[in-house]
Amino acid sequence: MNGNYREQSIKIHGLICAKCAREFNYKNRQLLTVHHKDGNPKNNPADGSNWENLCVYCHEDEHSRGMLGDYLSGEEKRS
C-alpha cells in the first residue's frame with residue numbers, strides 16, 4: 001500500500017481516537033494520526049488491521065510509554 005494509509009485508516013476506523021474516544025470532524029481532523037500497532041510503519045495491510053487512529057496527544061503518550069518501558073527495563077539504546 002502506498003503512503004496514503006492515513007486516509008484509508010480514517011475511512012475504515014472513522015474520525016475518532018481509539019484511546020480517548022475524542023471525535024473529530026473535517027475542521028480538526030489534522031489532530032488525528034495513525035498509530036501502527038506493531039510499531040512498523042511499513043506494515044500497512046489494506047484491511048487496516050495494523051492501524052489505530054489516535055489523537056496527537058494519545059499518540060505521543062503511546063510512544064512515550066514505550067520509551068519509558070525500554071528505559072526502565074534497561075533495553076534503551078546506548079549511544
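The values are calculated or read from the model by the stated rules, or taken from the named source; none is laboratory data. Here the structure is a predicted model, which means the values were calculated and not measured. We place every Cβ from the backbone using ideal geometry, glycine too, and count neighbours over all the protein chains shown. The accessibility values were calculated without ligands, DNA or RNA, using every heavy atom of the protein model including side chains. Shrake-Rupley method; radii C 1.70, N 1.55, O 1.52, S 1.80 Å.
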Practice prompt. Kindly indicate whether any position in the stretch 31-39 is at pLDDT 95 or above, under 13 Å from the mean Cα position of the chain (by Cα) and in a helix (DSSP H, G or I).
Written response: yes
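Considering only residues that are of a type in the set (K, R) and over 14 Å from the mean Cα position of the chain (by Cα), which ones fall in the stretch 1-21?
Of the stretch 1-21, the ones of a type in the set (K, R) are 6, 11, 19.
Passing the criteria: only K11.
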Discussion item. Being under 11 Å from C55 (Cβ atoms) and exposed (fewer than 10 other Cβ atoms within 10 Å of the Cβ) is the filter here; which residues of the stretch 1-40 pass it?
Written reply: A21, Q30
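Give the residue that is modelled with the lowest pLDDT, with candidates limited to residues of the stretch 53-74 that are in a helix (DSSP H, G or I) and loosely packed, with under 10 Cβ neighbours inside 10 Å. Give the derivation first.
Step one: of the stretch 53-74, the residues in a helix (DSSP H, G or I) are 56-73.
Filter once more, so that each one left must be loosely packed, with under 10 Cβ neighbours inside 10 Å: 72-73.
On the way: L72: 68, S73: 73.
The residue in question is L72.
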Practice prompt. Determine whether K77 is at pLDDT 90 or above and open to solvent by 70 Å² or more (accessible area, probe 1.4 Å).
Written response: no
